[in-house]
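Readers should treat all values here as calculations from the given coordinates under stated rules, not as data from a laboratory. Quick caveat: nothing in here was measured; it's all calculated off a predicted structure. Neighbour counts are summed over all protein chains in view; Cβ atoms, including those assigned to glycine, are modelled from backbone coordinates with ideal geometry.
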C-alpha cells in the first residue's frame, strides 16, 4: 500500500478502543444483572454494584477518549463498495445515538450516586458529586438510567445486526474495517 491510498481499516488503536468499550459495557451489564442473585446488603451484591459503577465510569472515560480521537486524529476508512447514501446517513445517526448513550448512561449513574449522597468510586479514587443530595431526583434519574439500560440492548443489537447486514448482504468491508487482526 502506498502512502497516498486510503486505509482499508481503522487504526489498531481505534479497533482496540472499540472492542474494549464493548467488553466494558458487557461487564457493567453483567455486574448489575448478577447482583440480583445475591441477598440485599450482602458484601457480594454491594461489590457487584461497585464494579458496575467503576466499569460504567471507565466506559465514560474510554468513550470520551475514543470520540476525541475519532474527531481529531483517526480517519474513517472508506466503505467499499460504497453503500447507498441513505445508509450512510442512517449510520451517522446510529453512531451518534450510540456515542450519546455511552456518555449519558455513566453520567446518569454518577448523578444517581451523587443525589443519593453516596461515594463515587473510580479505581481507588472517589470522584466529586455532580449534584447535591436529593433522593427524589436520584429516583427520577434511576428510572431514566434503567430505561437507558433497556435502550442499550436495542442500540447495541442494531449496531451488531447492521455490521452483519453489511458483511453478508451488502458484501462490503464495513465489518472487516473494525475487526482485529485483518491486516492492512
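General remarks:
- Picking from residues in the stretch 161-174 that are assigned to a helix (DSSP H, G or I) and touching a residue at least 24 places away in the same chain (Cβ under 8 Å), the one that is nearest to residue 101 (Cα to Cα) is 162.
- Filtered by the rule that a residue be part of a loop (DSSP other than H, G, I, E, B) and touching a residue at least 12 places away in the same chain (Cβ under 8 Å), the stretch 110-160 gives 117, 123, 129, 130, 131, 132, 133, 134.
- From 110, 101, residue being touching a strand residue (DSSP E or B) at 6+ places or on another chain (Cβ under 7 Å) and either crowded, with 17+ Cβ neighbours inside 10 Å or farther than 28 Å from residue 174 by Cα (or both): 110
- When 74, 19 are checked against the criterion of being surrounded by 14 or more Cβ atoms within 10 Å (Cβ to Cβ) and farther than 18 Å from residue 107 by Cβ, a single residue qualifies: 74.
- Hey, residue 91 in a helix (DSSP H, G or I), surrounded by 12 or more Cβ atoms within 10 Å (Cβ to Cβ), under 21 Å from the mean Cα position of the chain (by Cα) and touching a residue at least 12 places away in the same chain (Cβ under 8 Å) or not: yes
- Unmet requirement for residue 180, which otherwise passes all of (1) under 20 Å from residue 13 (Cβ atoms); (2) surrounded by fewer than 16 Cβ atoms within 10 Å (Cβ to Cβ); (3) out of contact with any helix residue (DSSP H, G or I) (no Cβ under 8 Å at 6 or more places or on another chain): (3)
- Tallying residues that are within 13 Å of the chain's Cα centre (by Cα) and within 18 Å of residue 78 (Cβ to Cβ) within the stretch 3-43 yields 1.
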